[in-house]
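Trainee: Quick one: structure below, then a few questions.
The values are calculated or read from the model by the stated rules, or taken from the named source; none is laboratory data. A quick note: this is a predicted structure, and the numbers were derived from the prediction, not measured. Because the Cβ atoms are built from the backbone with ideal geometry, glycine has one as well, and the counts that use them run over all protein chains shown. Heads up: the accessible areas ignore ligands, DNA and RNA and are worked out on the full protein's heavy atoms, side chains in. Shrake-Rupley method; radii C 1.70, N 1.55, O 1.52, S 1.80 Å.
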Amino acid sequence: MNRWLIIDVSNWAYRLLYACGPGERSLRMFFRWAEVCEQATQPHRVVLCYDTDGPSFRHQIAGDYKAGRRDEPIGLPELINRIRQQAIENAWDNLSADGFEADDCIATVTDLALASDGQVIVCSSDKDLFQLLIEGRVIIIRDVSVKTGVTWYNASDLHADQSLHPHQWSDYLTLVGDSVDNVSGCDGIGEKTARQLLVSAGSIDNHFRSPFRGGLSDRHRARLSGWKKSGGLDRTRQLIHLRNDVPLPDGWEPAT
């Protein structure tokens, strides 16, 4: 089975700059982490995915998307540029696209790899990527340590932690929102109620087909109905769901 290692560079770069500061130390640590992941996975192809400097399509849907985040760490553009340069020397692929985020690039490459009967290992601590998990096919490395190695996270771990399957994760985040990205969910629907709805109904759409099946209170059903009618559901769903149609450069094809 072809194995693809996909690194969420934006996620790693922020973490390293806040922990190590700008300069050589962050750059060295990035590639030490990458080396640890390579040794743990023995991939056929390594792809590095990046956010772009400009706004994404999500900012067109919601002007306040990601508003309130802490300032960009000092040294981020320099670190990103040096990572890109070193990746080329390592014969790794760099991928970013105007109007999209690194997560969308990761989702697109994941679909490409799966179409070639590949296995995907995603390196990121971003919980949004849980929606990509597939048992045995798509696994996440949540953390990396030079001393202790990698921390794996798979579909079974998600179910053990949240009682949810990966295909339900996007609906879960849609219901509860994502405070990190300033995305609001359905007012009055917390984590417990969201899980109750998804465990009983399977999805948000199934809930609306049979709203009394899940045992939700009248208050919760009314809030969900009002949220949908107001357009809030569709808006949040577009912000949460990862796109898998990022335009790829010419010549991209599955590894053989």
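Trainee: Would you check if there is a residue in the stretch 112-130 being surrounded by 21 or more Cβ atoms within 10 Å (Cβ to Cβ), polar (S, T, N, Q) and assigned to a helix (DSSP H, G or I)?
Mentor: Scanning the stretch 112-130, I find no residue that is surrounded by 21 or more Cβ atoms within 10 Å (Cβ to Cβ), polar (S, T, N, Q) and assigned to a helix (DSSP H, G or I), so the answer is no.
Trainee: Looking at the stretch 226-244 only, could you name the residues that are part of a helix (DSSP H, G or I) and either touching a helix residue (DSSP H, G or I) at 6+ places or on another chain (Cβ under 8 Å) or farther than 14 Å from Gly188 by Cβ (or both)?
Mentor: Within the stretch 226-244, Trp227, Lys228, Lys229, Leu233, Asp234, Arg235, Thr236, Arg237, Gln238, Leu239, Ile240 meet the criteria.
Trainee: Since Phe57 meets every condition but one in (1) modelled with pLDDT under 95; (2) open to solvent by 20 Å² or more (accessible area, probe 1.4 Å), which condition does it not meet?
Mentor: (1)
Here is a yes/no grid of residues against (1) at pLDDT 95 or above; (2) within 15 Å of Leu95 (Cα to Cα); (3) open to solvent by 10 Å² or more (accessible area, probe 1.4 Å); (4) in a loop (DSSP other than H, G, I, E, B):
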residue	(1), (2), (3), (4)
Ile6	yes, yes, no, no
Ala19	no, no, yes, no
Pro22	no, no, yes, yes
Leu27	yes, no, yes, no
Phe31	yes, no, yes, no
Ala34	yes, no, no, no
Glu38	yes, no, yes, no
Gly63	no, no, yes, yes
Ala67	no, no, yes, yes
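Trainee: From the residues in the stretch 186-213 that are open to solvent by less than 20 Å² (accessible area, probe 1.4 Å) and not in a helix (DSSP H, G or I), which one is nearest to Ala67 (Cα to Cα)?
Mentor: Cys186
Trainee: Consider only pairs whose beta carbons are under 6 Å apart and that are at least six residues apart or on different chains; among these, list those whose first residue lies in the stretch 45-73 and is touching a residue at least 12 places away in the same chain (Cβ under 8 Å) and under 19 Å from Arg84 (Cα atoms) and whose second residue is of a type in the set (Asp, Glu) and loosely packed, with under 15 Cβ neighbours inside 10 Å.
Mentor: Thr52/Asp98
Trainee: So which residues in the stretch 80-109 are within 26 Å of Arg25 (Cβ to Cβ), in a helix (DSSP H, G or I) and either open to solvent by 10 Å² or more (accessible area, probe 1.4 Å) or out of contact with any Leu (no Cβ under 9 Å at 6 or more places or on another chain) (or both)?
Mentor: Ile80, Asn81, Arg82, Arg84, Gln85, Gln86, Ile88, Glu89
Trainee: If you check every pair at least six apart or on different chains, which have Cβ atoms under 7 Å apart with a residue in the stretch 147-170 that is over 21 Å from His241 (Cα atoms) first and a residue that is assigned to a strand (DSSP E or B) and open to solvent by less than 20 Å² (accessible area, probe 1.4 Å) second?
Mentor: Val150/Ile141; Val150/Val144; Thr151/Ile141; Trp152/Ile141
Trainee: I need a count of the residues in the stretch 175-185 that are among the acidic types (Asp, Glu) and in a helix (DSSP H, G or I).
Mentor: Residues that pass the stated criteria total 1.
Trainee: Being of a type in the set (D, E, K, R), open to solvent by less than 50 Å² (accessible area, probe 1.4 Å), touching a residue at least 60 places away in the same chain (Cβ under 8 Å) and closer than 20 Å to Leu133 by Cα narrows it down to one residue among Asp178, Asp245; which is it?
Mentor: After applying the criteria, what remains is Asp178.
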